[in-house]
1. Take the residue pairs LYS46/LYS142; LYS23/LYS364; LYS23/LYS309; LYS120/LYS221; LYS120/LYS243; LYS23/LYS340 and return only those whose Cα atoms are more than 25 Å apart.
2. Report, in deg cm²/dmol and to the nearest 500, the calculated mean residue ellipticity at 222 nm for the chain, where each DSSP H run with n ≥ 4 adds -39500 (n - 2.57) and the sum is divided by the residue count.
3. Over the alpha carbons of region 23-318, what is the largest minus smallest coordinate on each principal axis, giving the biggest first in Å?
4. State to the nearest 20 debye the size of the charge dipole of the chain about its Cα centre, where the only charges are +1 on K and R beta carbons and -1 on D and E beta carbons.
5. Highest first, please rank the peptides 422-435, 247-260, 279-292 by the mean number of other Cβ atoms sitting within 10 Å of their residues.
6. Place the peptides 552-560, 618-626 in order of packing, highest mean first, counting for every residue the other Cβ atoms within 10 Å and averaging per peptide.
7. Which of the peptides 46-56, 305-315, 61-71 is most tightly packed, and how do the rest follow, judged by the mean count of other Cβ atoms within 10 Å per residue?
8. Take every Cα pair under 8 Å in the chain that's 6+ residues apart, average their separations, divide by the length, and report that relative contact order as a whole percent.
Amino acid sequence: MSPLPRQIDTPSVMFKNLPTGTKLFILCATFLISIAVPIYGLVTEKRLAVDFSRKELLGSRYLHTVREIYSAILSPREATRARSDLAQPALVGGLARAEEQLGAQLQTADLAGALAGALKEISSQDNQAASQGGLVLSALSKAQALASRIGDDSNLALDPDLDTYYLQNIVVRGLPTFLARLAELQDFFATSLSTGGSSAVRDVRLSALVGLARSSAMEVKENLGAAYRGNGDGRLQAAVDAKFAALTSSVHAYLAVLMASAAGIDTRDAVAYDRFHSRTVEHAIEAWTAAQGELDRLLHVRIDGMLAKMLVGLLLIGTFAGLSIILALLTHRHIVQPLKRLENVASKVRSTKDYSLRADHSSKDEIGRVTAAFNDMLAELSAARARETAERVAFAQATRLTTMGEMAASIAHEVNQPLAAIVANANAGLRWLSHAAPDLSKVQAVLQRVVRDGHRASEVVGSVRALIKRDVQQKAPLDINVLIKDVVALLQTDIESEQLSLELELSTPAGSVLADRVQLQQVILNLLTNAIEAMRGFNARPRALAIRTSHGDSDSVCVAVEDSGPGIDAKDRDRIFDPFFTTKPRGMGLGLSICRSIIEAHGGRLRATPGHPGGTVLEFTLPAYHASRS
Ligand SMILES: Nc1ncnc2c1ncn2[C@@H]1O[C@H](COP(=O)(O)OP(=O)(O)OP(=O)(O)O)[C@@H](O)[C@H]1O
Ligand SMILES: [Mg+2]
């Protein structure tokens with residue numbers, strides 16, 4: 001036969017069979033993982049945005065250095081001093097430092113190197129040569145390219161907010177372009193003054209350059225307007241508007257003066273033009289400084305805002321996660337632990353049967369109610385057990401009383417016969433003594449019988465007590481035929497006085513049993529007494545008493561006592577072994593009851609059957625004793 005397929009547990013069944021604590025742990029672990037994943041996503045996303053803006057800040061820092069270079073190259077008031085410093089570490093070194101710190105991430109090394117080269121070249125020329133040789137314009141164009149690269153590579157050109165986007169447009173492209181245009185104008189004037197030339201060509205070129213400068217200024221202005229519109233709190237405008245207004249007015253004044261000079265340029269005007277120019281440059285640098293300061297501020301505000309939002313998000317998630325963990329701990333404390341304690345108490349009760357134990361938990365939820373119900377059940381069981389114990393004690397006491405009553409009755413019954421014999425013998429002795437010549441030998445014989453019967457009475461009391469206590473320590477191998485002969489000797493007087501014929505049919509070899517001698521003696525004595533009493537006054541048949549022993553089989557010995565009396569009424573046949581059942585006026589009804597107890601205590605059986613042709617047979621069997629087997 002093929003073995004039965006093993007039943008495979010489904011996940012649901014497996015989960016159902018897990019301890020409650022493990023179920024709770026799985027629930028918490030799943031919850032924490034489901035929180036950890038979005039946290040990871042949130043942090044990653046915010047970090048990307050923060051890094052993006054930090055890179056913009058990096059670019060802005062680099063632009064500060066570029067702005068200083070513009071200022072140094074273009075500021076005429078400080079021209080003499082500044083240009084002599086161009087080759088000094090203050091400017092080139094600043095550029096090198098900026099490149100070293102920031103350039104690696106912005107890939108500006110080539111452009112920064114070109115600008116540094118141009119600056120060194122300027123510093124090696126005198127002022128005049130520098131201007132005339134177009135070195136300044138070349139340096140500015142390199143600075144412009146560098147600023148543009150910084151804007152592109154530092155994400156500034158990709159800025160996502162309107163205000164910062166337009167602001168960076170101003171500092172990355174607008175103002176550098178505008179300043180380059182101003183420098184071209186200045187260069188144009190310097191060239192015109194030194195070379196002269198056709199006024200028509202000069203005017204065309206002048207108006208073209210002025211147009212370019214104006215359009216650059218317009219572009220800056222438009223970007224500024226857009227930045228204002230994109231700045232919600234208006235702080236940007238408040239911070240930079242004055243600077244840009246000053247720039248606008250100086251640009252207008254400068255360009256108007258330039259256009260007015262179309263009739264011709266006098267060398268004497270150069271000083272005035274220079275003043276307009278230098279003021280415009282100065283205002284442009286100041287506006288740049290202010291704009292860049294605001295750009296930095298706005299980027300810092302954005303980064304701080306993002307970090308704060310991330311922190312708040314993490315705090316919120318952390319708070320909920322913490323709350324959930326606290327809830328899980330509370331659940332463990334108020335559900336898992338009470339359940340465990342309940343289980344422990346239940347298993348302890350099961351193993352010890354100690355119903356006084358109680359589960360220690362009180363709450364108004366289901367577990368509290370189950371615990372209360374469990375404790376109530378234990379209290380019920382405890383009370384039931386106490387009742388049961390009390391009943392058992394009461395029953396035991398009642399049984400003991402009954403037993404004691406039975407014992408007293410048994411003793412009375414069994415002692416009766418020897419006492420009667422003692423009285424009869426004592427009377428006989430007295431009679432012998434009252435003769436004129438007392439026959440002392442007969443008196444002695446009578447007294448010996450009194451002593452014998454006295455001992456027998458004492459033995460009977462001890463034996464009955466042992467019987468009641470089920471004390472079977474007194475058993476000894478007995479020859480059943482010898483025992484019968486002893487009892488017959490005791491009743492010899494009665495047999496003779498009743499004129500009964502006695503027939504002994506004793507088996508050969510004699511049956512041997514393991515028994516209490518006195519008890520077995522009592523059984524045979526009781527059966528013979530009943531038989532003698534049954535035939536008393538009954539004359540319908542010859543009065544005969546027969547005692548037979550036989551071997552039922554190899555394992556039992558059988559003893560039968562038969563009389564020729566009236567027999568037992570059919571209606572009484574089932575009751576004669578009941579205690580206190582008697583048909584005799586002075587009988588106690590205990591003889592057969594005691595006999596049956598004794599025989600059964602020895603592993604045998606006692607029964608009554610009708611005799612032939614009449615009378616009664618009382619017959620018992622006992623296990624045969626074989627000395628060789630024991
Ligand atoms: N051999 C017998 N023939 C006829 N009836 C008997 C015989 N033996 C016993 N009985 C009936 O059984 C009854 C119970 O016998 P049992 O020996 O238990 O009590 P008892 O003889 O009446 O009183 P006692 O307690 O003095 O022995 C007797 O009263 C009698 O009716
Ligand atoms: Mg009797």
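What follows draws every value from the coordinates through simple rules; no lab data is involved. Computed from a predicted structure; not experimentally measured. All Cβ positions, even for glycine, are placed from backbone atoms using ideal geometry, and neighbour counts span all protein chains on display.
1. Values: LYS46/LYS142 36 Å; LYS23/LYS364 23 Å; LYS23/LYS309 35 Å; LYS120/LYS221 34 Å; LYS120/LYS243 31 Å; LYS23/LYS340 14 Å.
Over 25 Å Cα-Cα: LYS46/LYS142; LYS23/LYS309; LYS120/LYS221; LYS120/LYS243.
2. Working: 18 runs with 426 residues, N = 630.
Counting only the DSSP helices, I get -24000 deg cm²/dmol.
3. Sorted from largest, the Cα extents of region 23-318 read 97, 38, 27 Å.
4. Here the size comes out at about 1200 debye.
5. Working: 422-435: 14.5, 247-260: 17.3, 279-292: 22.6.
Ranking, from highest mean packing down: 279-292, 247-260, 422-435.
6. On the way: 552-560: 16.6, 618-626: 20.0.
Most protected by this proxy first, the peptides run 618-626, 552-560.
7. 61-71, 46-56, 305-315
8. Values: 685 pairs, mean separation 57.1, N = 630.
Over the chain, the number comes to 9 percent.
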